[in-house]
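Each reported figure results from applying straightforward, stated rules to the coordinates on display, with no laboratory input. All values derive from a computational prediction rather than experimental measurement. In this analysis, Cβ positions are derived from the backbone assuming ideal geometry, glycine residues included, and neighbour counts consider all displayed protein chains.
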Amino acid sequence: MRRMFRLSRSFFNRSFITVVVAFLFLIFLIYFIRNEHLDVSHIKLTLLSAEPSWVLVGILVTMIYLVLQALLYVYSFKSIGIRIDLIRAMRLFLKRNFISTFLPAGSFTSLVFFEDELSRYKLQKTQIHYGSFLFALASIISVVL
């Protein structure tokens, strides 16, 4: 039996998939704004009426949380003998955290994304997955504790 329709390999290259994912996120953004526009407008009013010192405390706590999560990445990879810098670890955490909000079983499925973020260190995929698994395991244990 002969195939009538055949896709080339370049159809599934990384840049095409990136464009498709970006387009899907744009659709999700439009959907979110259309359905939650009243809540978004209330956020502005709430922030304007909030005590500025508490808003600053919230921003400070968020920054501390981001640094601690990045340090968790750094030490997860350090435990397998790989050194990554704090800024790259924070960027990796933010990207994976953003993606995990849209994917089912978020934290584990987002671990396979953004391997390129760690490509600077010339790591094998198994090393990237192992370090990411240690991060996820430590994150789950910290939630349980």
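The figures follow:
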| read-out | value |
| --- | --- |
| Theoretical FRET efficiency, 1/(1+(r/R0)^6), r = Cβ-Cβ of Phe133 and Asn97, R0 22 Å, to 0.05 | 0.85 |
| Pairwise label distance in nanometres, Thr62 with Val19, each label 7 Å out on the Cα-Cβ vector | 3.3 |
| Mean separation of Cα contacts under 8 Å (6+ apart) over length of region 23-98, as relative contact order % | 20 |
| Candidate lysines for bridging to Lys78, where Cα separation is under 19 Å - those fewer than 8 sequence places away on the same chain excluded | Lys122, Lys125 |
